């Protein structure tokens, strides 16, 4: 079974675009890293408007789906790159992070679809 880690901006985008990420990633084990959870809580605390609402919805979704949390220390993007090197896919909208990923990753296209980039 393949493993995919959701990045903060991907979680927020799925909430904003109303994408069922778990349906589209059927057949994959889905994870988040602790740093992503921390970032979502920070956005809820300090964010405004759509971002605050998207973070809240994202946290509720992660809780409802009981997503496993992987340990992380340091900058979240660095942690995601390290997990990617270990064979995890990463779902992200972050262009800078996409450039750093060595193995396959996932992204959202047309605010509707999740596709894998190899």
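Regarding segment 70-78, can at least one residue be identified that is closer than 25 Å to residue 26 by Cβ, touching a helix residue (DSSP H, G or I) at 6+ places or on another chain (Cβ under 9 Å) and in contact (Cβ under 8 Å) with a residue 60 or more places away in the chain? Yes, there is a match, as at least one residue in segment 70-78 is closer than 25 Å to residue 26 by Cβ, touching a helix residue (DSSP H, G or I) at 6+ places or on another chain (Cβ under 9 Å) and in contact (Cβ under 8 Å) with a residue 60 or more places away in the chain.
Within segment 12-20, is even one residue within 22 Å of residue 73 (Cβ to Cβ), outside any helix (DSSP H, G or I) and touching a strand residue (DSSP E or B) at 6+ places or on another chain (Cβ under 7 Å)?
If we filter segment 12-20 for residues that are within 22 Å of residue 73 (Cβ to Cβ), which is where we start, we get none.
The answer is no, given that none of the residues of segment 12-20 is within 22 Å of residue 73 (Cβ to Cβ), outside any helix (DSSP H, G or I) and touching a strand residue (DSSP E or B) at 6+ places or on another chain (Cβ under 7 Å).
When segment 1-47 is filtered for residues that are within 15 Å of residue 109 (Cα to Cα) and touching a helix residue (DSSP H, G or I) at 6+ places or on another chain (Cβ under 7 Å), the ones remaining, listed by number, are 11, 12, 14, 15, 16, 21. Of the helices (runs of 4 or more DSSP H) lying entirely inside segment 21-100, the ones with 1 or more residues being buried (at least 16 other Cβ atoms within 10 Å of the Cβ) and under 11 Å from the mean Cα position of the chain (by Cα) are found at 21-24, 34-46, 49-65, 76-85. Taken together, 49, 27 contain a single residue that is touching a residue at least 24 places away in the same chain (Cβ under 8 Å) and out of contact with any strand residue (DSSP E or B) (no Cβ under 6 Å at 6 or more places or on another chain), which is 27. Scoring residue 85 on the criteria (1) touching a residue at least 12 places away in the same chain (Cβ under 8 Å); (2) in contact with a helix residue (DSSP H, G or I) (Cβ under 8 Å, 6 or more places away or on another chain) leaves a single failure, condition (2).
Just so you know, all these numbers are worked out from the coordinates, no wet-lab data involved. No experiment lies behind these values; they were computed from the predicted model shown. Virtual Cβ from ideal backbone geometry, glycine too; neighbours counted across all protein chains shown.
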